[in-house]
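Enquirer: Right, I'll just put the structure down here and ask away after.
The values are calculated or read from the model by the stated rules, or taken from the named source; none is laboratory data. None of these values were measured; they are calculated from a predicted model. FYI the Cβ positions are ideal-geometry reconstructions off the backbone, even for glycines, and counts take in every protein chain you see.
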Amino acid sequence: MSKPKLEHRVVCAHFGKSTRHTAHKWAKKDKKKATQSVIDLNHHADMVGRDHFYYNEAPYKVQTREVTAWVNELSES
């Protein structure tokens with residue numbers, strides 16, 4: 001059996017809590033790149049002022065999900 005395929009993305013702290021933040025997601029190729037992106041974004045948020053976009057969206061986090069195979073359902077006759 002093959003290893004399950006995983007998808008990773010980086011999201012802001014408010015993702016899913018408000019429709020204003022639905023675009024604040026960034027797909028990543030692998031977990032290592034997603035993790036590094038979160039480290040960089042959170043570090044940048046620590047360095048900027050309170051009025052800056054990155055500060056108000058932090059802390060960023062990685063989300064991961066398993067991609068499953070398509071399943072055929074009953075067809076209508």
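Enquirer: Looking only at region 46-76, count every residue that is over 17 Å from the mean Cα position of the chain (by Cα) and among the aliphatic types (A, V, I, L, M) and tell me the total.
Expert: Going through region 46-76 one residue at a time, the tally reaches 5.
Enquirer: Also: Among residues belonging to region 54-70 that are touching a residue at least 24 places away in the same chain (Cβ under 8 Å) and part of a loop (DSSP other than H, G, I, E, B), point out the one that is surrounded by the most Cβ atoms within 10 Å (Cβ to Cβ). Steps first, answer last, please.
Expert: Going residue by residue through region 54-70, those that are touching a residue at least 24 places away in the same chain (Cβ under 8 Å) are 57-68.
Then keep just the ones that are part of a loop (DSSP other than H, G, I, E, B); that gives 58-60, 68.
Details: Ala58: 20, Pro59: 11, Tyr60: 22, Thr68: 8.
Here the answer is Tyr60.
Enquirer: Report the residue count in region 54-77 for those that are closer than 19 Å to Arg9 by Cβ and modelled with pLDDT under 90.
Expert: The number of residues fulfilling the criteria is 2.
Enquirer: Has region 6-24 got any residue that is at pLDDT 90 or above, within 27 Å of Trp70 (Cβ to Cβ) and either of a type in the set (Asp, Glu) or assigned to a helix (DSSP H, G or I) (or both)?
Expert: yes
Enquirer: Scan region 31-53 and give yes if some residue there is in a strand (DSSP E or B), of a type in the set (A, V, I, L, M) and either touching an Asp or Glu at 6+ places or on another chain (Cβ under 8 Å) or at pLDDT below 90 (or both), otherwise no. Steps first, please.
Expert: Within region 31-53, the subset in a strand (DSSP E or B) is none.
Looking for residues that are in a strand (DSSP E or B), of a type in the set (A, V, I, L, M) and either touching an Asp or Glu at 6+ places or on another chain (Cβ under 8 Å) or at pLDDT below 90 (or both), one finds none in region 31-53, hence no.
Enquirer: Is it the case, given these coordinates, that Phe15 is among the aromatic types (Phe, Trp, Tyr) and exposed (fewer than 13 other Cβ atoms within 10 Å of the Cβ)? Step through it out loud before you land on a result.
Expert: Working: among the aromatic types (Phe, Trp, Tyr): yes; exposed (fewer than 13 other Cβ atoms within 10 Å of the Cβ): no.
Against the criterion (among the aromatic types (Phe, Trp, Tyr) and exposed (fewer than 13 other Cβ atoms within 10 Å of the Cβ)), Phe15 does not qualify.
Enquirer: Scan region 18-47 for residues that are over 30 Å from Ser2 (Cβ atoms) and either in contact with a strand residue (DSSP E or B) (Cβ under 6 Å, 6 or more places away or on another chain) or surrounded by 14 or more Cβ atoms within 10 Å (Cβ to Cβ) (or both) and jot them down.
Expert: Selection gives His21, His24, Leu41, Asn42, His44, Ala45.
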